[in-house]
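One structure below.
The values are calculated or read from the model by the stated rules, or taken from the named source; none is laboratory data. Everything quoted here is computed from the prediction, not taken from an experiment. Glycine gets a Cβ as well: all are built from the backbone with ideal geometry, and neighbour counts include every protein chain shown.
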Amino acid sequence: MSAARKMKMPHLDGHLDAAQQFFFARELEAIEQRRIQVDYAARKVRQLFPPNRSVPAGSKSYTFRQWDRTGIAKAMSDGGNDVPRADAFGVEVTSGIEPYALGYGYTFNEIRSAALADQKRPGGQSLDQMRANACTEGFEDAVEQVGISGLSRKSILGALNQPNVPTFTVPAGAGGGTAWTTKTPDEIIADITNFHAFIAKLTKQVERMQRLLLPTSAYEVVVGTPRSSQSDTSIAEWVIRSQATFKEIDTWVALDGAGAGSTDRMMGYTPDDMKVGLVIPMEQTAYPPQVDGLEVVVNTEGELGGIVFFKPASACYADGV
């Protein structure tokens, strides 16, 4: 497609009559409305991580400052002149931003045929909805992929490859393995408790993780295994009711094989937008239809910046569960 063709609105008069043009415009409007309403439960990045709306569209990168302080007051003698100094300093952290594009199109023949069928029997035939829906799905797939693993060439990080997020070492159970499918309920509860305590101790109880994300097999174990042979409460229910560790437990298929050596990983964190954010400077935006040969093409574009942890020690990884 030429640059000139990209820059100007198409003139469809030579291909479609007035009724056909009206039909096409009406169909596009209907498609766009349905496109916005499509929901995909299988994708979880948007559900799990709060959005960060502070980055304007068109940004090439995103920089935030982590502020810290020094200095502590001390007892002074009368007339003392050695007053200690307090100070504050900031460390800049930069993440990349990348545009993502996807489009779909209809041939003039398809538009004419659908418009003719609609004239003969209103509502009898519509343009293929699946193309517009597939365009939305494709963009959401990109959101999910970037949210999971980022984009290395642009220094964009995902939720599962944060270099500053601490890692907890899962101990082996009595059976010799670390996987929860080989451990007793008591051993699993101990793993969860110690995992949570690891961050509380590391941060001197400043951070207490609220959400536990588990890979498929570990999640099935904790929701399907009783706390004990005399209990009708699952391990997951017992953990949440205890109020000593996590407030919620969820599963994320992206954790399957995401750990060292392709082992399953669990992740704990607090879903607070002051601690972590999903950076999308521009949501998927559809541009005006353009003529390209014998097609009318609708291009879409958005901008993604991955996952940013403002406070990496508020989260933790553990592999081998």
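Here is a check on your reading of the model: is residue 239 farther than 24 Å from residue 59 by Cα and either out of contact with any strand residue (DSSP E or B) (no Cβ under 8 Å at 6 or more places or on another chain) or not assigned by TED's automatic domain parsing to the domain that holds residue 178 (or both)?
On the way: farther than 24 Å from residue 59 by Cα: yes; either out of contact with any strand residue (DSSP E or B) (no Cβ under 8 Å at 6 or more places or on another chain) or not assigned by TED's automatic domain parsing to the domain that holds residue 178 (or both): no.
Answer is no for this residue.
Against the list (1) more than 17 Å from residue 145 (Cα to Cα); (2) surrounded by fewer than 20 Cβ atoms within 10 Å (Cβ to Cβ), the condition residue 301 fails is (1). When 266, 274 are checked against the criterion of being more than 14 Å from the chain's Cα centre (by Cα), modelled with pLDDT of 95 or more and not in a helix (DSSP H, G or I), 266 stands alone in meeting it. Residue 262 satisfies every condition listed in (1) surrounded by fewer than 20 Cβ atoms within 10 Å (Cβ to Cβ); (2) touching a residue at least 40 places away in the same chain (Cβ under 8 Å) except (2). Residues in the range 178-200 that are free of Cβ contacts under 8 Å to residues at least 60 places away in the same chain and outside any helix (DSSP H, G or I): 183, 184. With respect to residue 208, determine if the residue is basic (Lys, Arg) and surrounded by 15 or more Cβ atoms within 10 Å (Cβ to Cβ). Criteria met by residue 208.
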